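Chemist: The structure that follows is given in the form of structure tokens.
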């Protein structure tokens, strides 16, 4: 009888431990899994070194103008933001829906002494105002490119540029660099607005 009680007690403890572990894993995994449930999912896939090099090579190739403020849409662990300030941007911002990644990037900025020039915000890119940034970078997915293009055409400032990675917009680009999954495409604000309005574009 005593043995049965001990077995039941042990079983309850084991069940509680397993339940706690399961709950903990669910809490940690939720920020990574919930984007997949949205209509336009933007999964976390870190940029490679080659992709980073291609982005900033394209910016240097396109214009010698000093750009002031870069924003990375879906900034993940913040590597594009950190690279931007290394490449000479006075400041850079990343917006990300995943709370865990935002906290990680903020901690990295603080530890590296860059928290005043590398900013990370938890935000929904579809509701975020992009008008004050002169350089916009995003690693998109196919289903989001057309609706995002329409949003950008209404918000981006004159002389702004947009760089897309992995997927391009369904319009003509101004410049491109790299191949395969490392390819990047650059569009200026005039190109975006003219093509969406049906006007001819001259590169």
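The values are calculated or read from the model by the stated rules, or taken from the named source; none is laboratory data. Computed from a predicted structure; not experimentally measured. All Cβ positions, even for glycine, are placed from backbone atoms using ideal geometry, and neighbour counts span all protein chains on display.
Chemist: Scan the range 90-113 residue by residue and report those that are assigned to a loop (DSSP other than H, G, I, E, B) and either over 27 Å from residue 186 (Cα atoms) or under 12 Å from the mean Cα position of the chain (by Cα) (or both).
Modeler: 97, 98, 112, 113
Chemist: Of all residues in the range 34-69, which are surrounded by fewer than 11 Cβ atoms within 10 Å (Cβ to Cβ) and modelled with pLDDT under 75?
Modeler: Once the filter is applied, which keeps residues that are surrounded by fewer than 11 Cβ atoms within 10 Å (Cβ to Cβ) and modelled with pLDDT under 75, the range 34-69 yields 36, 37, 39, 64, 65.
Chemist: Given the structure, is residue 72 under 28 Å from residue 178 (Cα atoms), in contact with a helix residue (DSSP H, G or I) (Cβ under 6 Å, 6 or more places away or on another chain) and either exposed (fewer than 13 other Cβ atoms within 10 Å of the Cβ) or modelled with pLDDT of 90 or more (or both)?
Modeler: yes
Chemist: Take the range 141-167 and flag every residue that is part of a loop (DSSP other than H, G, I, E, B) and in contact with a strand residue (DSSP E or B) (Cβ under 6 Å, 6 or more places away or on another chain). Steps first, please.
Modeler: Our first condition is that a residue be part of a loop (DSSP other than H, G, I, E, B); within the range 141-167, this holds for 141, 156-160, 166-167.
Passing the criteria: only 166.
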